[in-house]
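The values are calculated or read from the model by the stated rules, or taken from the named source; none is laboratory data. Every value quoted in this text rests on a predicted model; they were computed, and no experiment measured them. Note that each Cβ is placed from the backbone with ideal geometry, even for glycine, and that neighbours are counted across all protein chains shown.
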Amino acid sequence: MPYLFNHLDSIEKLLRRSPFGLITDVDGTISETAPTPQQAKVSPLCRHYLSALSQHLALVAAISGRPAIEVKNMLKIDGMVYIGNHGLERWTEGHSEFTKDAKDYPEVIKAVIKELTPLLSIEGVRIEDKGITATIHYRLCREPQLAERDILVALENLTPAKRLRIMQGRMAINLIPLVKVNKGTATLDLIQGYHLQGGIYLGDDLTDVDAFTAIQSASHNSEFQGFAIGIISREMPEKLVTETDFTLNGVNDVERFLKWMSQTALEPS
Ligand SMILES: [Mg+2]
């Protein structure tokens, strides 16, 4: 897919649309991937430009597999919209709200995590309980491929896991409620809710592909026009490249792009 910095004219044209929305993933997109999720920090430059853009665009949203409150605490920008747990949860007016269909899932997640306790005997495996979803990390394992296989086998034999969608991410496996909510449906909700005419989505992982597809289908079926931008990394899933309109190379490039975008969007036309 074409490198975004060779096609700034297309983005410039898109930016003239209003209301305009910028939706971004967090980990691996505006924050470097860290050994553990707790160590990850949003790049100060990204934060700076997102803050500037949030004053001028109709919508600046962060969407992540993390709980919504964590996303909010990582960015701390007033006026931004925070969507957590792959679209299942939204931070609004000082508290987070779960989508209706997923309300009984915290029980399921608890049951699955309890059954998965034996996996913790593999050195480096971490299970993150995120309320209505969970993530099993194996980045720190000495043999990540073997750990991944053991995790998948354990999940296959687990009855409560049948109610969950098992999604592989970057050195992690996500357990997500089997409801029709994902980063794609959340993106469509934002496009409709904010009556967006133009938009950009930035993401680096398999869960972002749903959002890329949403951006593209909305661009075909409505007044909306948008671009999906994939952030290239060494651990990148193959599908990411084929489904994006443009690519950027890592968080550094996202910093450069947000800088360019805030200068372009904020300059009087
Ligand atoms: Mg990511």
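When residue 140 is evaluated against the numbered criteria (1) surrounded by 18 or more Cβ atoms within 10 Å (Cβ to Cβ); (2) closer than 21 Å to residue 38 by Cα; (3) away from the ligand (no atom under 16 Å from the Cβ), which criterion, by number, is the only one it fails?
So residue 140 meets the others, but not (1).
Which of (1) out of contact with any helix residue (DSSP H, G or I) (no Cβ under 6 Å at 6 or more places or on another chain); (2) over 30 Å from residue 1 (Cα atoms); (3) surrounded by fewer than 16 Cβ atoms within 10 Å (Cβ to Cβ) is the odd one out, the single condition residue 128 does not satisfy?
The failed condition is (3).
Yes/no per residue for (1) closer than 27 Å to residue 179 by Cα; (2) among the aliphatic types (A, V, I, L, M); (3) in the same structural domain as residue 137 (by TED's automatic domain parsing); (4) surrounded by 14 or more Cβ atoms within 10 Å (Cβ to Cβ):
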| site | (1), (2), (3), (4) |
| --- | --- |
| 21 | yes, no, no, yes |
| 66 | yes, no, no, yes |
| 78 | no, no, no, no |
| 83 | yes, yes, no, yes |
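Filter the range 147-174 down to residues that are of a type outside the set (Lys, Arg), in contact (Cβ under 8 Å) with a residue 12 or more places away in the chain and away from the ligand (no atom under 16 Å from the Cβ), then give me how many there are.
In the first step, residues of the range 147-174 are kept if they are of a type outside the set (Lys, Arg); the result is 147-148, 150-161, 164, 166-169, 171-174.
With in contact (Cβ under 8 Å) with a residue 12 or more places away in the chain added as a condition, the list becomes 147-148, 150-152, 154-155, 158, 160-161, 164, 166-169, 171-174.
Adding the requirement that they be away from the ligand (no atom under 16 Å from the Cβ) leaves 147-148, 150-152, 154-155, 158, 160-161, 164, 166.
Result for the range 147-174: 12.
Among the numbered criteria (1) free of Cβ contacts under 8 Å to residues at least 40 places away in the same chain; (2) more than 16 Å from the ligand (Cβ to nearest atom), which one does residue 131 miss?
In the conditions (1) free of Cβ contacts under 8 Å to residues at least 40 places away in the same chain; (2) more than 16 Å from the ligand (Cβ to nearest atom), residue 131 misses (1) alone.
From 224, 246, grab the single residue that is surrounded by fewer than 24 Cβ atoms within 10 Å (Cβ to Cβ) and in contact (Cβ under 8 Å) with a residue 40 or more places away in the chain.
That would be 246, the only listed residue that is surrounded by fewer than 24 Cβ atoms within 10 Å (Cβ to Cβ) and in contact (Cβ under 8 Å) with a residue 40 or more places away in the chain.
For residue 217, work out the one condition from (1) of a type in the set (Ser, Thr, Tyr); (2) over 22 Å from residue 8 (Cβ atoms); (3) surrounded by 18 or more Cβ atoms within 10 Å (Cβ to Cβ); (4) away from the ligand (no atom under 12 Å from the Cβ) it doesn't fulfil.
(3)
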